[in-house]
Every structure is written in structure tokens, then in C-alpha cells.
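The values are calculated or read from the model by the stated rules, or taken from the named source; none is laboratory data. This structure is a prediction, so every number in the text was calculated from the model and none was measured. Counting neighbours? That spans all protein chains shown, and the Cβs are built from the backbone with ideal geometry, glycine included. Keep in mind that these areas ignore ligands, DNA and RNA; they rest on the heavy atoms of the full protein, side chains included. Shrake-Rupley method; radii C 1.70, N 1.55, O 1.52, S 1.80 Å.
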Amino acid sequence: MPRATKRQPERGDARTRLLEAARESIRTKGFAATSIDDLCKAAGVTKGSFFHHFKSKDALGVAAARHWTETTSAFFRDAPYHAPKDALTRVLAYVAFRKSLITGPLAEFTCLAGTLAQEVYASSPAIRDACAESIFGHAATLEADIDAAMKARGISCGVTAASLARYTQVVIQGAFVVAKAANDPALARESLDHLDRYLRLLFGAPSQEIARS
């Protein structure tokens, strides 16, 4: 996912600055530990300005998840994995691209929507639903390529393009959790390698391609 490269949120209107500050804080220390006072300080706005844009901290959480969806959608839409002509190559290129993003501190490559969903799925249904829209919406962008790859290779083993697209996100989000638990980004990259191998086996990619993965 797009990684934070600045200590301070990007310049812009107060609402955008608060959303950028929330993105950094939530990915670094979680939603509960992110205070309104800290967000206002990081964004350079008053508390009055915060409540002008957001009725509550939960409302900020919903907006932050949706802002994440908007910014990452644009990021992935322009990513290079769309370029190959072959559908399976595009799917495998997506996995490789996601692996390439796993660099630097954990907070710089993990998913805001996944982090939020794990923390507030029971306490804030509105935030949870916004996170679900983000995660499942992103998965849906992979369905056309997966479907085309399945048809091209005659895959009909009870697997659907939608379920396989969701499974890629299960692996990626799980990889982030394991990396956090071990404080080791290498474990996330390892998980993406296994996803690559699984897809090659499922689609009957030549064994030499598997060996090189």
C-alpha cells in the first residue's frame, strides 16, 4: 500500500490534514491510542476545526477508512502490474508488486483498513463496514484478471474468481498481522512468496516458473 514518507501530513485543507494525520497515527499505534488532541497537533488545526469536520472520533475513523480507499485505489489503478497482456501474468505481477511494497518500518506498508478492522470490528460497526468496503472493493479489482486466467487455462475446480480474489487479501492481511506479531517484515514477504507458488500451482504454471518464484 502507499507508504508514508513524511512525518507531517501533507499540506492542504484542515480536513485532509486531519485524515492524513489519522492515517499515520492509526497505522503506527492503533485507533484507540490515537487521540483527537494528537491529531489536531499533528494536523496543525484546532479542536474546534476537528469537530467542524467530524462529529466524533468514530466519524473520523469512518472518514479515514474511506480516504484510504480513495487514495489507494488511485495508487493501484496506476500500478505497473496491469501492463502484461496475459491475464495470469497480470495476477502474478500483482502479487509481486504487493511484495515489493513490503519495505521499511511496519507502519509504512501495512493496511489502514486491515488495522482498523481488527481493532474495532465489534465496537464500531460503521468503521468496520467502511474497512470492509475498502478491502473487498480492492479484491474486486482483481476478479476480471483472475476470471480471464481461469478461462484461458480451463480452471473449473469449484474455485470462483471472486473467492480467489478475496483469498489474495486474506493472505496479504494475514501477512501483515504475522509481520507485526514478529516485528519482522520478512515474514510478510515470505507469505507473498507462498501465495505466488499457490497461484502457479493452481493455474498449472510450468515447474520452472515455480522454481524461479
Exercise for review: Please specify each residue of region 133-148 satisfying the condition of being surrounded by fewer than 18 Cβ atoms within 10 Å (Cβ to Cβ) and either over 27 Å from Thr89 (Cβ atoms) or under 14 Å from the mean Cα position of the chain (by Cα) (or both).
Suggested key: Glu133, Phe136, Gly137, Ala140, Thr141
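Results for (1) open to solvent by 50 Å² or more (accessible area, probe 1.4 Å); (2) not in a helix (DSSP H, G or I), shown as yes or no for each residue.
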{"site": "Thr69", "(1), (2)": "no, no"}
{"site": "Leu92", "(1), (2)": "no, no"}
{"site": "Ala96", "(1), (2)": "yes, no"}
{"site": "Ile102", "(1), (2)": "no, yes"}
{"site": "Ala117", "(1), (2)": "no, no"}
{"site": "Cys131", "(1), (2)": "no, no"}
{"site": "Met150", "(1), (2)": "no, no"}
{"site": "Tyr167", "(1), (2)": "yes, no"}
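In this structure, is Leu187 aliphatic (A, V, I, L, M), within 19 Å of the chain's Cα centre (by Cα) and assigned to a helix (DSSP H, G or I)?
Criteria met by Leu187.
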Review point. Does Ser156 satisfy the condition of being part of a loop (DSSP other than H, G, I, E, B), open to solvent by 80 Å² or more (accessible area, probe 1.4 Å) and closer than 28 Å to Phe203 by Cβ?
Key: yes
Exercise for review: For Thr141, indicate whether it is in contact with a helix residue (DSSP H, G or I) (Cβ under 8 Å, 6 or more places away or on another chain) and among the hydroxyl-bearing types (Ser, Thr, Tyr).
Suggested key: yes
